[in-house]
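*Asks:* Let me begin by handing over the structure; questions about it come next.
The values are calculated or read from the model by the stated rules, or taken from the named source; none is laboratory data. Remember, predicted model here, so these are calculated numbers, not experimental data. Don't worry about glycine lacking a Cβ; one is built from the backbone with ideal geometry, like all the others, and counts go over all protein chains shown. Protein only, heavy atoms only, side chains kept; ligands, DNA and RNA dropped before computing areas. Shrake-Rupley method; radii C 1.70, N 1.55, O 1.52, S 1.80 Å.
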Amino acid sequence: MLGNGPVIYGLDPLEPLPNISFGEIIYQTLKDKPKNQPILINGHSGKKITYSELLEKSCLLADALISYGYGPNTVMAISSKNSLEYYYPLIAAIFIGAVAAPLNNDYTNIELNHVLNIFKPRVIFCSKDLVQKFMKQKSEKEFIEKIIVIDTEESVFEGESLKHFIAGNVNGSMKLTVYRPVDIKAHPAFLMCSSGTTGLPKAVMLTHQNLNTLFMQFKDSRILGHDVISLCLPPFFHVYGLGSTLIGMLVSGPIVFLHHFEGNSFLKSIEEYKVNRLFLVPPLVVYLTKCPFLKNFDLSSITEVICGAAPLKESTERDIKEKLNLKVVRQVYGLTETSYAVMYSDKDGKKWKPGSSGRVGPYIQFAVRNPDTGKFLGPNESGEICIKGDMVMKGYYDNLEATENAFTDNGWLRTGDIGYYDEEEYFYITDRIKELIKYKGFQVAPAELEALLLTHEDIIDTGVIGVPDERAGELPFAFVVKKQNSLLCAKEVQSFVENNLSHQKWLRGGVIFVDSIPKTASGKILRKELRILFQKL
Ligand SMILES: Nc1ncnc2c1ncn2[C@@H]1O[C@H](COP(=O)(O)OP(=O)(O)OP(=O)(O)O)[C@@H](O)[C@H]1O
Ligand SMILES: O=C(O)[C@H]1CSC(c2nc3ccc(O)cc3s2)=N1
Ligand SMILES: [Mg+2]
């Protein structure tokens, strides 16, 4: 049936959105916190900063930036692994109405060149290990005026230290007035890069209103509890890491962070800081379910595991829940284009639906749309997930064409993800539209095939793509990682699918055994790389 389904509204907001800038929200919130309470803790080194340090240093830096003539709309890039100093330049930029652009510290020169040419930052804040990389970029790009090093008191090559920069403020310390834009719905606060799973990263523009809304979602106690200690592994340059830490610090409580995954620091930090909430990605949840050392650590403080960025298998969800004796494992779903997660599984776990990424959050609307006819669909009908609301980006930075393509005529963001909702408005994300295999007239979801293959006892991992075929259009093809010493052959894998799924989903393209499946660190299968691998066969 092709219905004309409804718009699914998020929970009724408890409060209206504030009509001040995001900078004012940060300022007011930090000012009212207990001064000497630690707010950000480096889980590797144990070093900490307090609420008052965060506010004072950010204000001093904001003052200094103004004295050098930077202000509203100046783009400032920030690049460093997760660190205690990360938020000084970021908050300072927001305070003065400038635009903060966090950049992936692992970008190759090609990716860096691509995003720098889009953002054209005048100032770059970076960690000392990245100074030389940015000096090279500065020598090629006129728009870069200054490189400031955030994690040392000495200057490094041409990179001036943060301390030196602040001390050079010719006006002395002024009394900072936090910038309030005329239109918080229009004024950008952040330029964020999408993960680049499907191509080069996209430059997403997030406004003060977008961030204010995220703040209000975190404040809504139906969505997230307060006064908790959280541990965050996702990188601060991505919306997931940024939102979890920046908004988490303001609303939830202290954040322990790590800048790379290492089992011992991870488990030790949970025990030492009595962490209640973990912000994770699927590979880390899998690690916890399989880790033989869990019993050596006291992890009883954990009450909540939040997992986003990529699909979490139902079996993993069950395993971790059991292993850590949790009421709930919370899948969250969102995009860089929606500022953070916009859909959350229930907080109390009373209605735990494995495999679901939950219900729509406040201030947000969802619809499932037939991408061909544009019709909105009803419960249990699959289509493109479309999102509207106060957390949806204004557009891609300096790219009207891409922005127009991203929205429907009625202003709905087309996520490119396929999914459906059940009668109780719980959503299930099944795949990405671009990754669907077109076999004859049928659409085959690689994720469905992968989920089945993973149930085979000899298969450790797998990735499925469509390979070109003259007659059928595309044929499903599987890359398979098998258990060591397994005698599994391609034919057996094909028969396994044939015995379990309808004929259009059969692996007619073939099966090949590989050592590993290329993935992002968050667990997204890089099908663009599988396609390249296939071409080389
Ligand atoms: N809980 C989840 N379950 C399944 N998929 C998820 C979940 N959360 C996020 N995703 C996936 O992540 C995407 C958003 O990720 P992000 O904005 O970081 O970049 P990307 O879409 O992976 O990369 P790019 O747009 O640059 O190709 C979503 O569109 C969705 O495909
Ligand atoms: O790929 C993404 O969409 C983003 C969202 S969060 C994320 C990562 N999170 C972690 C956490 C630990 C780690 O070792 C690597 C990553 S990448 N990547
Ligand atoms: Mg995307």
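*Asks:* So, in region 407-418, how many residues would count as being within 13 Å of ligand 1 (Cβ to nearest atom) and more than 13 Å from Asn370 (Cβ to Cβ)?
*Replies:* Of the residues in region 407-418, 4 are within 13 Å of ligand 1 (Cβ to nearest atom) and more than 13 Å from Asn370 (Cβ to Cβ).
*Asks:* Among Glu401, Glu304, which is among the acidic types (Asp, Glu), over 16 Å from Thr430 (Cα atoms), open to solvent by less than 40 Å² (accessible area, probe 1.4 Å) and away from ligand 1 (no atom under 15 Å from the Cβ)?
*Replies:* So the residue among Glu401, Glu304 that is among the acidic types (Asp, Glu), over 16 Å from Thr430 (Cα atoms), open to solvent by less than 40 Å² (accessible area, probe 1.4 Å) and away from ligand 1 (no atom under 15 Å from the Cβ) is Glu304.
*Asks:* Name the one entry in Ser139, Ser127, Ser195 that is away from ligand 1 (no atom under 16 Å from the Cβ), open to solvent by less than 70 Å² (accessible area, probe 1.4 Å) and either among the small types (Gly, Ala, Ser) or not assigned by TED's automatic domain parsing to the domain that holds Ser80 (or both).
*Replies:* Among Ser139, Ser127, Ser195, only Ser127 is away from ligand 1 (no atom under 16 Å from the Cβ), open to solvent by less than 70 Å² (accessible area, probe 1.4 Å) and either among the small types (Gly, Ala, Ser) or not assigned by TED's automatic domain parsing to the domain that holds Ser80 (or both).
*Asks:* How many residues does region 273-295 hold that are part of a helix (DSSP H, G or I) and free of Cβ contacts under 8 Å to residues at least 12 places away in the same chain?
*Replies:* Qualifying residue count for the region: 2.
*Asks:* Give region 198-244 a look and list any residue that's of a type in the set (A, V, I, L, M, F, W, C), within 16 Å of ligand 1 (Cβ to nearest atom) and open to solvent by 30 Å² or more (accessible area, probe 1.4 Å), or say none.
*Replies:* Those that are of a type in the set (A, V, I, L, M, F, W, C), within 16 Å of ligand 1 (Cβ to nearest atom) and open to solvent by 30 Å² or more (accessible area, probe 1.4 Å): Leu200, Phe237.
*Asks:* So which residues in region 1-31 are within 17 Å of Phe95 (Cα to Cα), open to solvent by 20 Å² or more (accessible area, probe 1.4 Å) and assigned to a loop (DSSP other than H, G, I, E, B)?
*Replies:* The answer is Pro18, Asn19, Ile20.
*Asks:* Run down Glu24, Glu56, Glu15 and say which single residue is among the acidic types (Asp, Glu) and over 27 Å from the mean Cα position of the chain (by Cα).
*Replies:* Glu56
*Asks:* I want to confirm something. Restricting to region 375-394 and keeping residues that are open to solvent by less than 10 Å² (accessible area, probe 1.4 Å) and under 17 Å from the mean Cα position of the chain (by Cα), which single residue is nearest to Phe22 (Cα to Cα)?
*Replies:* Within region 375-394, the match that is nearest to Phe22 (Cα to Cα) is Met391.
*Asks:* Please enumerate the residues belonging to region 345-369 that are more than 10 Å from ligand 1 (Cβ to nearest atom), open to solvent by 10 Å² or more (accessible area, probe 1.4 Å) and not hydrophobic (A, V, I, L, M, F, W, C).
*Replies:* Of everything in region 345-369, those that are more than 10 Å from ligand 1 (Cβ to nearest atom), open to solvent by 10 Å² or more (accessible area, probe 1.4 Å) and not hydrophobic (A, V, I, L, M, F, W, C) turn out to be Asp346, Lys347, Asp348, Gly349, Lys350, Lys351, Lys353, Pro354, Arg359, Tyr363, Gln365, Arg369.
*Asks:* Taking only pairs six or more apart or across chains, which ones have beta-carbon atoms under 9 Å, a first residue in region 307-323 that is in contact (Cβ under 8 Å) with a residue 12 or more places away in the chain and open to solvent by 80 Å² or more (accessible area, probe 1.4 Å), and a second residue that is away from ligand 2 (no atom under 16 Å from the Cβ) and aromatic (Phe, Trp, Tyr)?
*Replies:* So the pair list comes out empty.
*Asks:* Sticking with this one: Of these, Leu299, Leu280, which one is within 21 Å of Gly349 (Cβ to Cβ), at pLDDT 95 or above and near ligand 2 (Cβ under 10 Å from one of its atoms)?
*Replies:* Among Leu299, Leu280, only Leu280 is within 21 Å of Gly349 (Cβ to Cβ), at pLDDT 95 or above and near ligand 2 (Cβ under 10 Å from one of its atoms).
*Asks:* What tally of residues in region 464-520 results from selecting those that are assigned to a strand (DSSP E or B), β-branched (Val, Ile, Thr) and open to solvent by 30 Å² or more (accessible area, probe 1.4 Å)?
*Replies:* Counting residues in region 464-520 that are assigned to a strand (DSSP E or B), β-branched (Val, Ile, Thr) and open to solvent by 30 Å² or more (accessible area, probe 1.4 Å) gives 1.
*Asks:* Sticking with this one: Please determine, by comparing only the residues of region 314-346 that are within 18 Å of the chain's Cα centre (by Cα) and part of a loop (DSSP other than H, G, I, E, B), which one is farthest from ligand 2 (Cβ to nearest atom).
*Replies:* Ser345
*Asks:* Could you grab me the full set of residues in region 189-227 that are among the small types (Gly, Ala, Ser) and either within 15 Å of ligand 3 (Cβ to nearest atom) or within 20 Å of Glu24 (Cβ to Cβ) (or both)?
*Replies:* Residues satisfying the conditions are Ala189, Ser194, Ser195, Gly196, Gly199, Ala203.
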